[in-house]
Structures are given as structure tokens and as C-alpha cells.
């Protein structure tokens, strides 16, 4: 479904993505981990269309979307959440999701309303439908980020550190909601520092460091690898 083929991005002499290649299949969940400043969110910005690559290609369903703006990619089925939730605080939860449904896929008002209700149910927010978004808890705002993206009816959902800042019970609730999204057939690309949350959902993990992909594969094997240990714990000496 999605293919990043040798994608690079620089700001002056600073390399934020270097020759990155990733692929996500339909219905698959791929996790991305790496230290702060590794370039993970830049990869999302490149996929979503808010940043243009300097080289390489981004393909979605075989179409080269590298030069398309974010809005056009959303209409094709790519949606994202953001690490820090920024809902329309003075609008209700339902109205926030309605915005995603109406503008993400250019639906009629009637179709948008039906989709908004469906997504509120899927993400566990239906009982909060009439609550102002500014009054939601952090967990509920994180769910709303995901719900607003899902309302655009994506085939690929980009989740950016959506578990950060949550308590352990809240994290379990969020993981359950993401698992429901997967069962609905949506492919997921998920950046996360809360690794146990990733391990509960994803099929593969890719590791990004200094703008480059350094490892990729089965989640538990990747987490046990020397490369990951060196990045997170400076464990080179411990491995001999």
C-alpha cells in the first residue's frame, strides 16, 4: 500500500531523513521506534505531505504521491494524528469528528454525520459526543485525535506517539481502541516510545536513528537486537 523508496530530507547541512525505505502492506501495522530527534516525525511529515522530500519517492497504491500536497493525500486515504492533541476546544467531540468526516473525503452533510457517529462508537467516544473537546481528559483527547483522522476514512493511519503521557490503565484502553481500528481493516504506521503498547499491536518494527533506518523485522527480535540496545542503553560493551 505504502512504499518509501530511498527518501531523503535535509535542512541545510542537517540530515533529518537519509535514504529511508519503508513499506506497509494493506491491513498491516508497522511500528517505528528511535531516540528523540531521530527523524521519526519527519518521516510522517514526508508521508502525509506536509514536507517535500529532497530525493527518493513515496508511493501509495502504486501512485507516486511525492509531489502531492497533504490534502490530496488525505483524499487518497492517508490520515494522521499528532503527538500533542489540538482539538477545536470550543466545539463538541462530535463536531470535531464531523470536521474530519466532511473535509477529509468531501462528503455530504448526511454522509458525514453517519460516519462521525460510526467513528465515535469505534473509538469509545460516543458517550462524550456532546462534551466540549476542551473539557476532555488527555486519554479522551488522544482518542479524539485518532477519531478525527479515522473520520476521513483512511486506508493508512499514521499515529504519532499517541500513548505518551497516559497512565498504564489508560494506555491499555488506547491499545484496545487501536486494535479495534486494525480489525476494521485500516493499516497503521505507529511511532511510539511506549514500546509495550507497540508490541501489543504491530506486526513489524523499524528502528530509526539519526535519520536512517538501522533495523527492521519481527518486533521481539528487533527489540533484542544489538543495534537497539546500543541506541537506547549504550550497551556496546555489554555485548562484547
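Where a number appears in this text, it was derived from the coordinates with a stated rule and is not lab data. Keep in mind it's a predicted model, so treat the numbers as computed, not measured.
Seen against the Cα atoms of the chain and their longest principal axis, helix 109-122 is set at about 60 degrees.
Classified by the C-alpha gyration tensor, the range 65-111 has an oblate form. Its axis ratio a/c, with a ≥ b ≥ c, is 1.5 or above, and a/b does not exceed b/c. In the chain, the longest principal axis of the Cα atoms and the axis of helix 168-183 are about 80 degrees apart.
Based on C-alpha pairs under 8 angstrom that are at least 6 apart in sequence, the chain has a relative contact order of 26 percent.
Checking the a/c ratio against 1.5 first, then a/b against b/c, what shape does the Cα gyration tensor give for the range 80-195? Oblate, because a/c is 1.5 or more while a/b does not exceed b/c. Averaging Cα coordinates gives a centre for the range 120-153 and one for the range 177-191; these two points are 16 Å apart. Centre-to-centre, using Cα atoms only, the range 37-108 and the range 207-226 are separated by 25 Å. Built from the Cα atoms of the chain, the convex hull projects on average onto 13.4 nm², one quarter of its surface area. Bridge orientation summary for the chain: considering DSSP beta bridges with both residues in this region, about 55 percent are antiparallel.
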